[in-house]
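Asker: Below: one structure in structure tokens.
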Amino acid sequence: MYKLIDGKLISTQIKDELKQKVADEHIRATLAVIQVGNDPASSVYVGNKKKACEYIGIGSAAYELPEETSEEELLKLIDELNADDDVNGILVQLPVPKHIDEKKVINRISPLKDVDGFHPESVGNLCIGQEGFVSCTPAGIIELLKRSDIDIEGKECVVIGRSNIVGKPMALLLLKNNGTVTVCHSKTRDLKTICKRADILIVAIGKPKMITSEYVKEGAVVIDVGIHRMENGKLCGDVDFDDVKDHTSAITPVPGGVGPMTIAMLMVNCVKAANR
């Protein structure tokens, strides 16, 4: 019988711990959230981040900019927030409109306020094992595993996906926790065979229900990072949950698995930013 890894429950535990810490240590922090345009999915994410700030007892400042905002105007706002001592964390909701260079935006945020963990300095610190902000989704997955009593050390870990936001930092975090790591991607040959070796399989490939039981070793732990809306309106992940679940020892659902952890770990980074 498989264990369902409950991301909602674990994320609430983390936020409750932070709420206590903020109250006990009288931590004052403010997260600045910038959204350019009114993409519906982005608006939901931004709203959830504001609610999480309120829940743990820190401030949030929302900057909702029109779609036609120029790159120069956005970078100027980031500069102002970098210089504002009352702002501890800065987050620009991605994606930004096509006329704005995403890399320039990420690079402009001060590494001391980079609570998303996307700045090259943050990524570099992770690579060499130094203290810094870690990308929230991979950090959340590590917490899911640890708080579910799943040991990473010595395990064969396979990550499907090599994005800068999930795949690459995920591999580095698994290495940091003494996992033996293989990263797969669209050019990987014989993907099924490699996945079948995994004690821990982390799927961030961006294709709905692509991973079936043919990819999963009996008793593996499966973490599904994907989220897609099907034609019937229901959400699904990159893993075919119903086909895979009975082959696993533990698995995350979609929704309610990895998703809530991303915001919980953002709050962890915000509190860390205030202490820094």
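The values are calculated or read from the model by the stated rules, or taken from the named source; none is laboratory data. All values derive from a computational prediction rather than experimental measurement. Ideal geometry is used to build each Cβ from the backbone, glycine not excepted, and the neighbour counts take in all protein chains shown.
Asker: Just checking, does the range 117-133 include any residue being touching a strand residue (DSSP E or B) at 6+ places or on another chain (Cβ under 7 Å) and assigned to a loop (DSSP other than H, G, I, E, B)? Can you show your working first?
Answerer: Just the residues of the range 117-133 that are touching a strand residue (DSSP E or B) at 6+ places or on another chain (Cβ under 7 Å), to begin with: none.
No, the range 117-133 contains no residue that is touching a strand residue (DSSP E or B) at 6+ places or on another chain (Cβ under 7 Å) and assigned to a loop (DSSP other than H, G, I, E, B).
Asker: G47 versus (1) within 28 Å of V203 (Cβ to Cβ); (2) outside the structural domain of T248 (by TED's automatic domain parsing); (3) crowded, with 17+ Cβ neighbours inside 10 Å: which is the lone unmet condition?
Answerer: (3)
Asker: Report yes if some residue within the range 195-213 is over 15 Å from F241 (Cβ atoms), without any contact (Cβ under 8 Å) to a residue 40 or more places away in the chain and not basic (K, R); otherwise report no.
Answerer: yes
Asker: Taking the conditions exactly as written (touching an Asp or Glu at 6+ places or on another chain (Cβ under 8 Å), over 23 Å from H119 (Cβ atoms) and surrounded by 16 or more Cβ atoms within 10 Å (Cβ to Cβ)), does K192 satisfy them or not?
Answerer: No, not satisfied.
Asker: Among what's in the range 228-254 and is in a loop (DSSP other than H, G, I, E, B) and modelled with pLDDT of 95 or more, pick the residue that is surrounded by the most Cβ atoms within 10 Å (Cβ to Cβ).
Answerer: Going through the qualifying residues, I end up with G237.
Asker: Please determine, by comparing only the residues of the range 21-32 that are surrounded by fewer than 21 Cβ atoms within 10 Å (Cβ to Cβ) and in contact (Cβ under 8 Å) with a residue 24 or more places away in the chain, which one is nearest to K113 (Cα to Cα).
Answerer: Ranking the candidates gives T30 first.
Asker: Only one of V221, V183 is outside any helix (DSSP H, G or I), touching a residue at least 60 places away in the same chain (Cβ under 8 Å) and under 11 Å from C157 (Cα atoms); which?
Answerer: V221
Asker: All but one of (1) under 22 Å from F133 (Cβ atoms); (2) under 21 Å from the mean Cα position of the chain (by Cα) hold for V22; state the number of the condition that does not hold.
Answerer: (2) is the only condition that V22 fails.
Asker: So, in the range 11-20, of the ones that are surrounded by fewer than 20 Cβ atoms within 10 Å (Cβ to Cβ) and of a type outside the set (S, T, N, Q), which residue ends up nearest to A52 (Cα to Cα)?
Answerer: Within the range 11-20, the match that is nearest to A52 (Cα to Cα) is K15.
Asker: Next question, about the same structure. Please identify the pairs in which a residue from the range 77-97 that is small (G, A, S) has its Cβ atom under 7 Å from the Cβ atom of a residue that is in a helix (DSSP H, G or I), counting only partners at least 6 apart or on another chain.
Answerer: G89/K113; G89/N269; G89/C270; G89/A273
Asker: Moving on. Condition first: in contact (Cβ under 8 Å) with a residue 60 or more places away in the chain, under 17 Å from G257 (Cβ atoms) and hydrophobic (A, V, I, L, M, F, W, C). Now tell me which residues in the range 118-144 satisfy that.
Answerer: In the first step, residues of the range 118-144 are kept if they are in contact (Cβ under 8 Å) with a residue 60 or more places away in the chain; the result is 133-134, 136-137, 139-141, 143-144.
From the residues that got through so far, the ones that are under 17 Å from G257 (Cβ atoms) too are 136-137, 139-141, 143-144.
Matches in the range 118-144: C136, A139, I141, L144.
Asker: Continuing with this model, one more query. Have a look at K104, K113, K98, K76 and point out the one that is under 18 Å from the mean Cα position of the chain (by Cα) and basic (K, R).
Answerer: K113
Asker: Can you name the condition, by its number, that I150 falls short on among (1) over 16 Å from the mean Cα position of the chain (by Cα); (2) in a loop (DSSP other than H, G, I, E, B); (3) without any contact (Cβ under 8 Å) to a residue 60 or more places away in the chain; (4) surrounded by 17 or more Cβ atoms within 10 Å (Cβ to Cβ)?
Answerer: (3)
Asker: On to the next question. For the list (1) over 20 Å from K168 (Cα atoms); (2) surrounded by fewer than 24 Cβ atoms within 10 Å (Cβ to Cβ); (3) in contact (Cβ under 8 Å) with a residue 60 or more places away in the chain, I need the number of the one condition that M267 fails.
Answerer: Among (1) over 20 Å from K168 (Cα atoms); (2) surrounded by fewer than 24 Cβ atoms within 10 Å (Cβ to Cβ); (3) in contact (Cβ under 8 Å) with a residue 60 or more places away in the chain, M267 violates only (2).
Asker: Output the number of residues of the range 123-147 satisfying the condition of being surrounded by 14 or more Cβ atoms within 10 Å (Cβ to Cβ), charged (D, E, K, R) and more than 12 Å from the chain's Cα centre (by Cα).
Answerer: Counting residues in the range 123-147 that are surrounded by 14 or more Cβ atoms within 10 Å (Cβ to Cβ), charged (D, E, K, R) and more than 12 Å from the chain's Cα centre (by Cα) gives 1.
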